[in-house]
Amino acid sequence: MIKYSTILLVAGALALSACNNPDRYGAGGTGAGAGGAGGITAGGLGDPNDPNSPAYFQQTIGDRVLFAVDQSTLSPTAQQTLGQQAVWLNQHPAYTAIIEGHADEQGTREYNLALGARRASAVQQYLIAQGVSANRLQTVSYGKERPLAVCSDEACYSQNRRAVTVIGAGAGV
Amino acid sequence: MTFIRSLCLALAVAGLAAPAALAQSGPLRIEITDGVIEPLPFAAPTFIAENPGAAEVAQSISQVVAADLVGTGLFREIPPSAFISPVTSFDAPVAYADWKAINAQALITGAVALGSDGRVNVKFRLHDVFSGAELGKGMQFGGGQGDWRRIAHKVADQIYSRITGEGAYFDSRVVYVSESGPKDQRLKRLAIMDYDGANVQYLTDSSTIVLAPRFSPAGDRVLYTSFETGFPRIKLMDIATVSSRALAELSGNMTFAPRFSPDGGTVVFSLEQGGNTDIYSMQLSSGQSRQLTNSPSIETAPSFSPDGSQIVFESDRSGNQQLYVMPAGGGEPTRISFGEGRYGTPVWSPRGDMIAFTKQNAGRFHIGVMRTDGSEERLLTASFLDEGPTWAPNGRVIMFTRESAGAGGAAQLFSVDISGRNLRAVPMDGSASDPAWSPLLP
């Protein structure tokens, strides 16, 4: 479901670089400190069918996991996705990642920032436990500031309660 | 009950502000009966222009004074078409019978002079029509041409305070987040305006997400959270120079939810490390920080009591968001919220007697107030999403963010009296969130 909407967005090679994280930055580009924003070219992201490309990580493996209301516990589905993320990251040590934690709009601003941090941290800890080096993984919380889906019901909220592993350019890229 | 009664008392003490000579003739006052107020009718003839050049600014000042008073919901303006006798001179005796005949309980007279150097001088008198005498003494305010709105607010503040016995609040500002753009890519920038939405000035551009600005006690600096580095970090801005700096380098991922101590020397805030959020304080002079809570749960939204001795904050240590009070130096917190639902964003009243909060229950959001021990909880609003209360300098009015639902949802600033009356949108262009009310301006 989530993958679908992402795939629809990444229609062309140029669109790839613009849309690799549609939920990530405002039009003004808030991600000055984010690893990949400026460094990854369309070519660098590559083909979702190429197992060595970040696009494969993002779309074929799945770059995000979802959470229940007010929770940061990883579901079995989430653990499965993260297990594959960890395998990929372990096979591609040149890449770093920033894990973004998000919340739905049904909460106060400060609490949601803290909740997003909890979710990002849960993902980070899981990946570390799967052997990914801690110094390759940063976390950031967006709270409820960057919803992916904009309706005000559970269909959207469930997509917004997420943690997204955003691949950035490592030293070798 | 005590709460309501004290409110009634507070509003009914207008007579105390009046000279003793007025006492026997029935003081001008606002009465609350069971929380319902009959707005007090007043007449405010356009202030007299003392020289030809002053006509326009006199008109503008008169309008702002009336708008301030009417905006409280406590006053009703009698339209000039009902006036029997014109006021042609500031110093001529007032024909009280003519104002009594149209049931004006208060009469405001004023005069405006505009100097050749652009200085504005405003005189006013407040009359208790039924007593046939002035309420308090006539006063004058002077300022530069750009200060005319502030002068008008100061006149209205005097009138409001004399009649209600409450502290003033019109001559104040609000710092907030101006919002634009679609819901999934919202652009946010800090802005500051007069309490009534006038004189908007932008303090940042919209290149990065900014959140929840908070005034210093002197109103000259603002703490806020910025994503400028890619990660939420607290910044401190000097308003006059519009220059910002990072609060300090701290270990941890994210710093947010800052507020000043009442003496302005300390900042209390949240710091997140490894997914866990606790409350810290930092001395601004030394940059030294201190951890005030140490719990695996989320501790955030700290707010000092006005005497600086205590901090109210929210924590989900019980399983969901609730309000707690702890000593300002840290220590065992006491839970104060026990109703149904979740409680967040507590803010101590500048009077020290109440705490405003956001409550989430059964899919609705409310702004509410309670005593500092959690008793006498009262919800003032209800909507799809109300959050983030901030107190007017006199502790009588609360401003907050109200956001509408759906893909086209947008945030707006609203204000409400602590009695729950007079809910109104702050008149302004565009969307806005996260208001913080300044102290009364000097």
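Residues of the range B:133-172 being touching a residue at least 24 places away in the same chain (Cβ under 8 Å) and of a type in the set (Lys, Arg), which ones?
B:Arg149, B:Arg150, B:Arg162 - these are the residues of the range B:133-172 that are touching a residue at least 24 places away in the same chain (Cβ under 8 Å) and of a type in the set (Lys, Arg).
Matching residues to (1) closer than 30 Å to B:Leu187 by Cβ; (2) crowded, with 21+ Cβ neighbours inside 10 Å; (3) touching a helix residue (DSSP H, G or I) at 6+ places or on another chain (Cβ under 6 Å):
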| position | (1), (2), (3) |
| --- | --- |
| B:Arg371 | no, no, no |
| B:Ser375 | no, no, no |
| B:Arg378 | no, no, no |
| B:Ala392 | yes, yes, no |
| B:Arg396 | no, yes, no |
| B:Thr401 | yes, yes, no |
| B:Gly420 | no, no, no |
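What are the residues in the range B:83-128 that are without any contact (Cβ under 8 Å) to a residue 40 or more places away in the chain and within 18 Å of B:Ile163 (Cβ to Cβ), if any?
B:Val94, B:Tyr96, B:Lys100, B:Arg125, B:Leu126, B:His127
Within the range B:246-273, can you find the residues that are within 26 Å of the chain's Cα centre (by Cα) and either among the hydroxyl-bearing types (Ser, Thr, Tyr) or modelled with pLDDT under 95 (or both)? Even if it seems obvious, please write down each step before you answer.
Initial filter on the range B:246-273 (within 26 Å of the chain's Cα centre (by Cα)): B:247, B:255-270.
Scanning the range B:246-273 gives B:Leu247, B:Thr255, B:Ser261, B:Thr266, B:Ser270.
Scan the helices (runs of 4 or more DSSP H) fully inside the range A:62-173 and keep the ones with 2 or more residues being among the aliphatic types (A, V, I, L, M), touching a Pro at 6+ places or on another chain (Cβ under 8 Å) and surrounded by 17 or more Cβ atoms within 10 Å (Cβ to Cβ). Even if it seems obvious, please write down each step before you answer.
On the way: elements: A:76-91, A:109-129, A:154-160.
No helices (runs of 4 or more DSSP H) qualify here.
Please find, within the range B:215-229, the residue that is farthest from B:Pro439 (Cα to Cα) out of those that are within 14 Å of chain A (Cβ to nearest Cβ) and not in a strand (DSSP E or B). Spell out the reasoning first.
Going through the range B:215-229, the residues within 14 Å of chain A (Cβ to nearest Cβ) turn out to be B:223-229.
Right, trim to not in a strand (DSSP E or B) and you get B:227-229.
Numbers: B:Phe227: 27, B:Glu228: 28, B:Thr229: 30 Å.
Only one residue fits best here, namely B:Thr229.
Does at least one position in the range B:257-265 carry a residue that is within 10 Å of another protein chain (Cβ to nearest Cβ) and of a type in the set (Phe, Trp, Tyr)?
no
Please verify whether the range B:230-240 includes one or more residues that are closer than 27 Å to B:Pro442 by Cβ and either surrounded by fewer than 19 Cβ atoms within 10 Å (Cβ to Cβ) or at the interface with chain A (Cβ under 10 Å from one of its Cβ atoms) (or both).
In the first step, residues of the range B:230-240 are kept if they are closer than 27 Å to B:Pro442 by Cβ; the result is B:234-240.
Narrowing the set further to residues that are either surrounded by fewer than 19 Cβ atoms within 10 Å (Cβ to Cβ) or at the interface with chain A (Cβ under 10 Å from one of its Cβ atoms) (or both) leaves B:238, B:240.
Within the range B:230-240 (the criterion being closer than 27 Å to B:Pro442 by Cβ and either surrounded by fewer than 19 Cβ atoms within 10 Å (Cβ to Cβ) or at the interface with chain A (Cβ under 10 Å from one of its Cβ atoms) (or both)), the answer is yes, since at least one residue qualifies.
Go through the range B:310-340 and give me each residue that's more than 11 Å from chain A (Cβ to nearest Cβ), farther than 21 Å from B:Leu271 by Cβ and assigned to a loop (DSSP other than H, G, I, E, B). So that I can check it myself, show each step before the final result.
Taking the range B:310-340 and keeping what is more than 11 Å from chain A (Cβ to nearest Cβ), we get B:310-312, B:317-318, B:322-340.
With farther than 21 Å from B:Leu271 by Cβ added as a condition, the list becomes B:318, B:334-340.
Result: B:Ser318, B:Ile336, B:Ser337, B:Phe338, B:Gly339, B:Glu340.
Determine, yes or no, whether B:Ala405 is surrounded by fewer than 16 Cβ atoms within 10 Å (Cβ to Cβ) and either within 22 Å of B:Ser433 (Cβ to Cβ) or of a type in the set (D, E, K, R) (or both). Can you show your working first?
Values: surrounded by fewer than 16 Cβ atoms within 10 Å (Cβ to Cβ): yes; either within 22 Å of B:Ser433 (Cβ to Cβ) or of a type in the set (D, E, K, R) (or both): yes.
So B:Ala405 fits the description; yes.
Just one of B:Ser285, B:Ser318, B:Ser281 is over 20 Å from B:Ser349 (Cβ atoms), buried (at least 18 other Cβ atoms within 10 Å of the Cβ) and polar (S, T, N, Q); which is it?
On the way: B:Ser285 fails: buried (at least 18 other Cβ atoms within 10 Å of the Cβ); B:Ser318 fails: buried (at least 18 other Cβ atoms within 10 Å of the Cβ).
On inspection, the qualifying residue turns out to be B:Ser281.
In this structure, is B:Ile367 touching a residue at least 24 places away in the same chain (Cβ under 8 Å), among the hydrophobic types (A, V, I, L, M, F, W, C) and either within 18 Å of B:Leu271 (Cβ to Cβ) or assigned to a loop (DSSP other than H, G, I, E, B) (or both)? Before the answer, list the steps.
Numbers: touching a residue at least 24 places away in the same chain (Cβ under 8 Å): yes; among the hydrophobic types (A, V, I, L, M, F, W, C): yes; either within 18 Å of B:Leu271 (Cβ to Cβ) or assigned to a loop (DSSP other than H, G, I, E, B) (or both): no.
So B:Ile367 fails the test.
Having 3 or more residues that are small (Gly, Ala, Ser) and surrounded by 16 or more Cβ atoms within 10 Å (Cβ to Cβ) is the bar; report the strands (runs of 3 or more DSSP E) wholly within the range B:46-154 that clear it. Let's see the steps before the verdict.
Working: elements: B:75-77, B:106-114, B:120-128, B:139-143.
So the answer is B:106-114.
Tell me which of these B:Arg351 doesn't satisfy, since it passes every other one: (1) in a loop (DSSP other than H, G, I, E, B); (2) surrounded by 21 or more Cβ atoms within 10 Å (Cβ to Cβ); (3) among the basic types (Lys, Arg).
Exception for B:Arg351: condition (2).
Filter the range B:285-309 down to the residues that are free of Cβ contacts under 8 Å to residues at least 40 places away in the same chain and either within 28 Å of the chain's Cα centre (by Cα) or assigned to a loop (DSSP other than H, G, I, E, B) (or both) and list them by number.
Of the residues in the range B:285-309, the ones free of Cβ contacts under 8 Å to residues at least 40 places away in the same chain are B:285-288, B:291-292, B:294-299, B:309.
Result: B:Ser285, B:Ser286, B:Gly287, B:Gln288, B:Leu292, B:Asn294, B:Ser295, B:Pro296, B:Ser297, B:Ile298, B:Glu299, B:Ser309.
Considering only residues that are facing chain A (nearest Cβ under 8 Å) and charged (D, E, K, R), look in the range B:177-187 and name the one that is nearest to B:Lys235 (Cα to Cα). Outline the logic, then answer.
Let us first name the residues in the range B:177-187 that are facing chain A (nearest Cβ under 8 Å), namely B:181-187.
Next, from what is left, pick out any that are charged (D, E, K, R): B:183-184, B:186.
Details: B:Lys183: 25, B:Asp184: 24, B:Arg186: 20 Å.
Of everything passing the filter in the range B:177-187, B:Arg186 is nearest to B:Lys235 (Cα to Cα).
Among the residues in the range A:107-114, are any in contact with a Lys or Arg (Cβ under 7 Å, 6 or more places away or on another chain), over 19 Å from B:Lys188 (Cβ atoms) and either facing chain B (nearest Cβ under 8 Å) or not aromatic (Phe, Trp, Tyr) (or both)?
For the range A:107-114, residues in contact with a Lys or Arg (Cβ under 7 Å, 6 or more places away or on another chain), over 19 Å from B:Lys188 (Cβ atoms) and either facing chain B (nearest Cβ under 8 Å) or not aromatic (Phe, Trp, Tyr) (or both): absent.
Given (1) touching a residue at least 60 places away in the same chain (Cβ under 8 Å); (2) small (Gly, Ala, Ser); (3) within 10 Å of chain B (Cβ to nearest Cβ), where does A:Gly62 come up short, assuming only one miss?
Just one mismatch for A:Gly62, condition (3).
For the range B:351-370, which residues satisfy the criterion of being of a type outside the set (A, V, I, L, M, F, W, C), more than 19 Å from the chain's Cα centre (by Cα) and either more than 10 Å from chain A (Cβ to nearest Cβ) or under 18 Å from B:Asp417 (Cα atoms) (or both)?
Once the filter is applied, which keeps residues that are of a type outside the set (A, V, I, L, M, F, W, C), more than 19 Å from the chain's Cα centre (by Cα) and either more than 10 Å from chain A (Cβ to nearest Cβ) or under 18 Å from B:Asp417 (Cα atoms) (or both), the range B:351-370 yields B:Lys359, B:Asn361, B:Arg364.
Across the range B:322-348, which residue is surrounded by the fewest Cβ atoms within 10 Å (Cβ to Cβ) among those that are among the aromatic types (Phe, Trp, Tyr) and under 20 Å from A:Glu110 (Cβ atoms)?
Taking the range B:322-348 and keeping what is among the aromatic types (Phe, Trp, Tyr), we get B:324, B:338, B:343, B:348.
Subsequent filtering for residues that are under 20 Å from A:Glu110 (Cβ atoms) retains B:324, B:343, B:348.
Details: B:Tyr324: 23, B:Tyr343: 30, B:Trp348: 25.
So the residue we want is B:Tyr324.
Tell me yes or no: at least one residue of the range A:151-172 is more than 7 Å from chain B (Cβ to nearest Cβ), among the charged types (D, E, K, R) and out of contact with any Lys or Arg (no Cβ under 8 Å at 6 or more places or on another chain). Talk me through it step by step, then tell me what you get.
Start the filter on the range A:151-172 by keeping residues that are more than 7 Å from chain B (Cβ to nearest Cβ), which leaves A:153-172.
Going one step further and asking which of them are among the charged types (D, E, K, R), we end up with A:153-154, A:161-162.
Cutting the leftovers down to out of contact with any Lys or Arg (no Cβ under 8 Å at 6 or more places or on another chain) gives us A:153-154.
Looking for residues that are more than 7 Å from chain B (Cβ to nearest Cβ), among the charged types (D, E, K, R) and out of contact with any Lys or Arg (no Cβ under 8 Å at 6 or more places or on another chain), one finds at least one in the range A:151-172, hence yes.
The values are calculated or read from the model by the stated rules, or taken from the named source; none is laboratory data. These numbers were taken from a predicted model, which means no experiment stands behind them. As a convention, Cβ positions derive from the backbone with ideal geometry for all residues, glycine included, and neighbour counts pool all protein chains shown.
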